[in-house]
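Worksheet: the structure to be examined is printed underneath.
Since every read-out is calculated from the coordinates, none of them should be taken as a lab result. Values in this document were obtained by computation on a predicted structure and should not be read as measured data. No Cβ is skipped: glycine too gets one built from the backbone with ideal geometry, and neighbour counts run over all protein chains shown.
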Amino acid sequence: MKTIILDHPMIEHKISILRNEKTSTKEFRELISEIAMILCYEALQDADLEEIEVKTPIATTKGLRIDENKYAFVPILRAGMGMVEGVLRVMPNAKIGHIGLFRNEETLEPVEYYCKLPKNIEDKTVILLDPMLATGGSGAAAITMLKKRGVKKIKFLSIISAPEGLKRIQKEHPDVQIYTAKCDNELNENGYIVPGLGDAGDRIYGTK
């Protein structure tokens, strides 16, 4: 599937503030949430609608709604949690799961340490959340974990992506649609996105 890269002046504006090393923890956290909300709107363009009856103050009419029980948001811990508030503004009744992975700093490969998913996850569209898609190792591993548990439809939301990460997801999981706010230049020798914005988890939680 083709990667969807958002192209909008407000996204460029917000990402420039995110990148700035002087941006405060509070503002960084708020911007991650805002961009996640915009990405979520984009990812739900193909959402199924069902017809309902709505009584307005004037008359009864027909409307359309999304069955939010058919969706689940799954952040990759810990940085993915920074996107949850934003996506829940779009779909507040969606279920939430969590996948815990950490990167082995020598191999740069992900190591699983936690997975808790909503009931009947195999029947839901899962929207996977991770602000940074760098090597693609954690993203690919999380998608594999979901598929092993029967999930058939997965979308991946990231804020900053590297070409290497996008290529890896596209190669290993060509059925997963990726939505990202920005594709940066490359990875450095330590596996960090360049120019990137640093460690998203540390900047969201103020741990450095």
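What the table below lists for this structure:
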| quantity | calculated |
| --- | --- |
| The stretch 42-97 - share of DSSP beta bridges that are antiparallel (%, nearest 5) | 75 |
| Euclidean distance of C-alpha centroids, the stretch 23-91 and the stretch 114-141, integer Å | 17 |
| Unsatisfied cross-links (Cα-Cα over 24 Å) in the set Lys26/Lys153; Lys26/Lys182; Lys26/Lys208; Lys26/Lys95 | Lys26/Lys153; Lys26/Lys95 |
| DSSP beta bridges in the stretch 4-205 [antiparallel fraction, %, rounded to 5] | 35 |
| Packing-based ranking, highest mean first, of 47-54, 148-155 given that Cβ atoms within 10 Å are counted | 148-155, 47-54 |
| Derived scalar couplings ³J(HN,Hα) [the stretch 59-71; Karplus, 6.51 cos²θ - 1.76 cosθ + 1.60; whole Hz; x for Gly, Pro] | 7, 8, 9, 9, x, 10, 9, 9, 7, 5, 5, 8, 10 |
| Counting DSSP beta bridges with both ends in the stretch 58-155, the antiparallel % (nearest 5) | 35 |
| Between helix 9-19 and the chain: long-axis angle, C-alpha atoms, 0 to 90°, nearest 10 | 40 |
| Under 18 Å from Lys22, Cα to Cα: aspartates and glutamates that are on another chain or at least 8 residues apart | Glu12, Glu30, Asp199, Asp202 |
| Burial ranking of peptide ranges 35-44, 134-143, 9-18 (average Cβ count within 10 Å, highest at the top) | 134-143, 35-44, 9-18 |
| 3J(HN,Hα) from dihedral phi, the stretch 75-80, Karplus parametrisation 6.51/-1.76/1.60, rounded to Hz, x for glycine, proline | x, 8, 5, 9, 4, x |
| Computed FRET value (nearest 0.05) for Lys2 with Glu27, which takes r as the C-beta separation and R₀ as 35 Å | 0.65 |
| Rough spin-label spacing in nm, given labels placed 7 Å along Cα→Cβ, for Glu189 and Lys208 | 1.7 |
| From phi via Karplus (6.51, -1.76, 1.60), per-residue ³J(HN,Hα) for the stretch 171-187 in Hz, x at Gly/Pro | 6, 7, 9, x, 8, 9, 7, 9, 10, 9, 7, 7, 10, 8, 6, 5, 9 |
| Inter-label distance, nm, simple model (7 Å from Cα along the C-beta direction), Lys116/Val54 | 3.6 |
| Local electrostatic count, Ile154, Cβ distance below 14 Å [Lys/Arg +1, Asp/Glu -1] | +2 |
| Mean separation of Cα contacts under 8 Å (6+ apart) over length of the chain, as relative contact order % | 24 |
| Sorted by Cβ neighbour density within 10 Å, fewest at the top, the residues Val74, Val176, Val111 | Val111, Val176, Val74 |
| With eigenvalues of the C-alpha gyration tensor scaled by 5 and rooted, the chain, Å | 29, 21, 15 |
| Amide proton proximity set for Ile127, modelled H, under 5 Å, gap of 5+ | Ala72, Phe73, Val74, Lys155 |
